[in-house]
Each structure stands twice: as structure tokens, then as C-alpha cells.
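Since the structure comes first, as C-alpha cells, the remarks are kept for the end.
The values are calculated or read from the model by the stated rules, or taken from the named source; none is laboratory data. Just so we're clear, the structure is a prediction, and the values are computed from it rather than from any experiment. Because the Cβ atoms are built from the backbone with ideal geometry, glycine has one as well, and the counts that use them run over all protein chains shown. Surface accessibility is based on the protein's heavy atoms, side chains included, excluding ligands, DNA and RNA. Shrake-Rupley method; radii C 1.70, N 1.55, O 1.52, S 1.80 Å.
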Amino acid sequence: MNKLQFTIPLVCASLLLGGCSDEEKISGNPGGGDGDTTQLTEVYWELDHEGVKAEAATDADLPNVYYFSGSRLKYYNDDNVSGTYEIEFSDFNYDEETKSITFNYYDTDVKVVQGTYSFDDGELIIDGGNDGFFNGVDQYDNKLVVDAAKDADDRYGETKVARIQNITEELSGTLNMALNEPAAEGSFDADITYRLNEDSAEDGDSKAYVAVYSNGFASANSYGELLFEAIDGERAQIKYRKLSNAFSDPICEFTMGETLPIKTTWGNDQFSFTIENAEVNSDSADIEGNTCTATVDYAVSNEPVKFLNVRIAAKKTVSSHEVLVDNIKSVTGETVLFDNDFESFADGYELGGGHGFRGESAQATVMTVAGQQ
């Protein structure tokens with residue numbers, strides 16, 4: 001991005017199926033791009049500082065923009081390659097009530113700015129105290145900016161996931177899903193990341209579960225179920241629920257924090273699963289490269305499956321771990337029973353009723369995670 005220096009400073013002055021509207025669900029410009037933006041987050045802000053203004057965007061030169069989301073800031077810039085964004089990630093803090101904000105401002109050097117923010121006719125105004133004023137223009141309706149940002153997100157492995165945690169004993173961390181119709185046989189696939197929860201100081205229950213259920217969310221209705229359990233601070237193991245309603249000995253091990261693509265199928269009184277990036281440590285499972293796979297008897301109920309579930313820890317138990325889940329898909333034959341990759345939800349969206357998610361879900365929210373470029 002090229003900058004022009006102005007001699008005149010700029011004038012400174014976001015238990016049942018409930019459902020929600022598309023406006024509540026879809027991530028995008030909260031102000032609608034019509035000059036009335038009044039929300040800090042989920043907007044591409046082009047920030048000018050004390051009389052420095054960016055040139056208009058062209059294919060060869062994009063404005064550098066700030067994207068505040070949750071507690072994280074993404075700074076998109078094309079300083080190295082014109083027309084191609086790179087991303088700088090950093091934490092930021094803000095308070096909607098007091099309008100206070102602390103964030104990194106990227107110039108020749110990175111500066112930590114502390115101040116307050118407000119809005120004037122759709123423009124973001126940050127009073128940085130001794131650092132002066134920062135004016136933000138909403139670029140969400142600029143197709144060049146949006147397309148380049150999405151391309152950068154893809155290159156950096158940006159994806160939205162459901163984060164399931166147990167940080168309070170008042171609720172159980174669980175994501176409950178209802179199929180479009182009961183199915184005597186079918187599949188349930190998902191990408192699962194089981195890891196330590198950095199936001200939890202508790203050394204509590206570490207177990208996590210992935211299950212398919214018939215008539216309700218209870219072990220008596222489990223057709224098939226996988227259990228994830230920490231061994232130490234780095235490694236974890238996997239068990240499955242047996243016909244006796246107990247869990248098996250460990251059959252697989254994996255490194256916590258790695259994403260495990262999991263494919264499960266049910267039907268004909270059997271439950272099969274394939275788990276990538278896991279190592280076999282039992283004769284009851286097979287190994288194909290770095291993939292653990294097994295076919296076992298159904299767990300407790302062999303009735304048609306109606307529900308899917310991913311949860312962390314026992315009910316009303318604080319957990320030291322959490323689960324991230326993405327790319328959930330369930331089919332029977334060619335019929336899709338459930339399909340969601342969370343990309344259409346805003347960060348922080350609480351999954352609890354509507355869009356196939358049951359109202360009993362709790363402590364399950366959408367968040368963006370970044371991979372490596």
C-alpha cells in the first residue's frame with residue numbers, strides 16, 4: 001500500500017430447537033456497508049493516522065486493513081507483494097461498554113495503542129491519547145479487499161470451527177446435532193482437535209467424546225461412541241464404547257493438538273471408524289500408514305440413529321481440555337443428513353438451537369483458527 005502525506009490533519013471526532021435469523025448467523029459487515037457501521041468487529045477497517053491517507057485500491061495496490069474478531073486482530077497488508085495480502089496476527093482487547101481498546105498499530109514499527117473508540121457517520125474513530133487519532137473507513141463492500149483477504153485466509157489455513165469447552169460447572173460443554181431424518185445406516189465424519197484449554201486453569205476431567213445416538217443424548221442410546229483421554233501433557237489415547245456399555249482398552253494414540261480427520265459408519269449391528277494421524281496400540285484395530293481403523297459391534301442401542309454429539313468432560317465438570325470440531329457431515333446413501341463447516345457463522349456465535357444444532361448444546365462457540373502459510 002502506498003501512502004500520501006497530507007499537510008492538513010484529518011477531522012477526528014461495532015432445550016428446544018430455537019433458531020436464529022440469517023442476519024444473526026452470517027458473518028459480515030454489521031453496518032451493511034451503507035455508512036452506518038456501528039460495530040468494531042467483523043469489519044475490514046482501513047485506518048488512517050493523523051493526516052496519512054491511503055491511495056484508492058487497485059489490483060496492484062490494496063489498502064492495508066485491520067480485522068478485529070473475538071480477541072484477535074488480523075492485519076492484512078500487501079507491503080511486500082502489491083495486490084497480495086499477507087497477515088499479521090496479534091491479540092487485542094476492547095470493552096463494548098466503556099469503548100476502551102488496546103491493539104497493535106502497524107506502521108514502520110509496531111506500536112501498541114491504548115485508547116477509546118467511537119463512531120461518526122459510519123466512520124471508526126480511535127482516540128489514542130498521546131498517539132493521536134486513528135480514523136477507520138469500512139472496506140467491507142470493496143470487492144478487491146474482500147477477495148484478497150479471503151485468498152490470504154485460504155493461504156494461511158484460516159478456518160472457522162466449533163470450540164467446545166467446560167469452564168463452568170453450571171453447564172456441560174456439548175454440541176448436540178439432530179439429523180434431518182432417522183437413519184438405520186449412515187456415516188458421521190468430522191475433523192477433531194483435542195487439546196489443552198489455555199483458558200482453563202483447572203486440572204479437571206480431560207475426557208472428550210464423539211458419538212451417534214438413537215433416541216436421545218444418553219449412553220443407553222449410544223449406537224457408537226469414541227472416547228479421547230489425555231495420557232500426559234502431550235499424548236492422548238482413544239477408546240470405544242462396547243456392547244457392555246463400558247469402554248474398551250486404548251486402541252489408538254495421538255499427539256494432542258493435531259487435527260484428526262475421523263470417519264465413522266453405523267448399520268448392520270456394527271460401528272466402524274477410521275482415524276487419521278493416530279497410531280494403533282491394540283490388536284483390535286488395524287493400521288494403514290498413520291491411520292487407525294476398526295469395526296466393532298454397536299455399543300448399546302441398534303435403533304436408527306437420530307442424533308450426533310461431540311462433548312468434553314462429564315456433566316457439570318470443569319475440564320482442563322477442549323475440543324475443536326470442523327467439517328461435520330453425515331449422510332445415508334446419497335441423502336445428506338447434516339452438513340456444516342461453520343464458515344457462515346460470526347466468531348463468538350453460540351451454537352445452541354437452530355441450523356440443526358439442539359438447544360441443549362452449551363459452551364460451544366464458533367472461533368477462527370489459523371494454520372501455517
### Message
Can you report the number of residues in segment 68-95 which are within 22 Å of the chain's Cα centre (by Cα) and open to solvent by 20 Å² or more (accessible area, probe 1.4 Å)?
### Response
10
## Note on the structure
Taking segment 117-166 and the residues there that are surrounded by fewer than 20 Cβ atoms within 10 Å (Cβ to Cβ) and of a type in the set (Phe, Trp, Tyr), the one that is nearest to VAL210 (Cα to Cα) would be TYR156
### Flag for PHE228 being of a type in the set (A, V, I, L, M, F, W, C), in a loop (DSSP other than H, G, I, E, B) and either under 21 Å from THR193 (Cβ atoms) or within 28 Å of the chain's Cα centre (by Cα) (or both)
no
### Query
Counting residues that are open to solvent by less than 70 Å² (accessible area, probe 1.4 Å) and β-branched (Val, Ile, Thr), which strands (runs of 3 or more DSSP E) fully inside segment 239-351 reach at least 2?
259-267, 270-276, 291-297, 305-312, 321-332, 335-340
### Task
Could you list, in sequence order, all residues of segment 197-217 that are modelled with pLDDT under 90 and of a type in the set (A, V, I, L, M, F, W, C)?
ALA201
### Residues of segment 112-146 classified as within 28 Å of the chain's Cα centre (by Cα) and charged (D, E, K, R), total
3
### Task
Out of the residues in segment 210-238 that are polar (S, T, N, Q) and more than 18 Å from THR291 (Cα to Cα), state the one that is most open to solvent (accessible area, probe 1.4 Å).
ASN215
### Message
Give me the strands (runs of 3 or more DSSP E) completely within segment 167-219, filtered to those with at least 1 residues that are of a type in the set (Asp, Glu), ordered by residue number.
### Response
174-183, 186-196
### Query
Would it be correct to say that VAL43 is modelled with pLDDT of 95 or more, under 25 Å from the mean Cα position of the chain (by Cα) and open to solvent by less than 10 Å² (accessible area, probe 1.4 Å)?
no
### Conditions (1) over 30 Å from GLY353 (Cβ atoms); (2) at pLDDT below 60; (3) in contact with a strand residue (DSSP E or B) (Cβ under 8 Å, 6 or more places away or on another chain); number of the one not met by ALA57
(3)
